[in-house]
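The values are calculated or read from the model by the stated rules, or taken from the named source; none is laboratory data. Computed from a prediction, not measured in an experiment: that's the story for all the values here. Glycine gets a Cβ as well: all are built from the backbone with ideal geometry, and neighbour counts include every protein chain shown.
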Amino acid sequence: MQNYKSKVEIIYENIKKDIISGVYKPGDRIVISKVAKQNKVSEIPVREAIRMLETEDMVETYPHVGPVVTEIKEADVLECYLIRGILEGFAARESVDCMTDEDIENLTKIIELMKKALDNKDLVEYGILNRKFHNYINSVNPHVRLYKMINELWDKWERTRAVFVLSPKRSTDSLTEHNKILEMIKEKKYDELEMFVRDHRMRAAKSLISSAKTKK
């Protein structure tokens, strides 16, 4: 039996997807009447969906303006990515001795799919695969609580996946870096891998901030 989704949940997921994919960019206004018309519903479920997005800091409603996609604040992004870099760098280091040949093969396949998405200029799919790549490495690490903490941060900042839409060049750089991460795992370069993953996160943060400013 399929899980039933209410109109509110469907609209919430659609708007959230558009924010994450970059259809709605920071500072863009979300016109409630337009969304209602597109989804063939009244404005009531749209307003409820907007309230859900407000609790996730993805949307903010202003008097006489309505809901607007929140700006990506530089300080928040840098702090979040710094923490993620530290946690994911350690998780990558800890995953090295747990990696099997099958794991290496699966990571290689993900990178191949990322290259295909990049060749097809499908940056939304690239963003999805990017998370899949990092999540795979994080899941192999033996510390369950660490994996959970990292996932909570990913979920909180899922909208930063739009970095690849906002900055296509970041996708190309990211793919090169992913190949390097995989090589370091294979060669068991613990220290280099940990620091490289940290730097990988901060490069993504700076690219996101720069692109968000440019798009204003």
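Tabulated results
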quantity	calculated
Some residue of segment 136-143 being in contact with a Cys (Cβ under 6 Å, 6 or more places away or on another chain), among the β-branched types (V, I, T) and more than 18 Å from I209 (Cβ to Cβ)	yes
Residue match in segment 172-194 (condition: loosely packed, with under 15 Cβ neighbours inside 10 Å, within 14 Å of the chain's Cα centre (by Cα), assigned to a helix (DSSP H, G or I) and modelled with pLDDT under 95)	no
Test: residue in segment 48-59 that is in contact with a helix residue (DSSP H, G or I) (Cβ under 7 Å, 6 or more places away or on another chain) and free of Cβ contacts under 8 Å to residues at least 24 places away in the same chain	no
Residue list for segment 17-31, restricted to those being within 14 Å of E54 (Cα to Cα), without any contact (Cβ under 8 Å) to a residue 60 or more places away in the chain and buried (at least 16 other Cβ atoms within 10 Å of the Cβ)	I30
Unmet requirement for R84, which otherwise passes all of (1) in the same structural domain as I209 (by TED's automatic domain parsing); (2) more than 24 Å from E125 (Cβ to Cβ)	(2)
Residue in segment 86-101 that is farther than 15 Å from M184 by Cα, at pLDDT 95 or above and either among the β-branched types (V, I, T) or surrounded by 14 or more Cβ atoms within 10 Å (Cβ to Cβ) (or both) present	yes
Selection within segment 118-162 - among the small types (G, A, S) and either surrounded by fewer than 21 Cβ atoms within 10 Å (Cβ to Cβ) or not in a helix (DSSP H, G or I) (or both)	S139
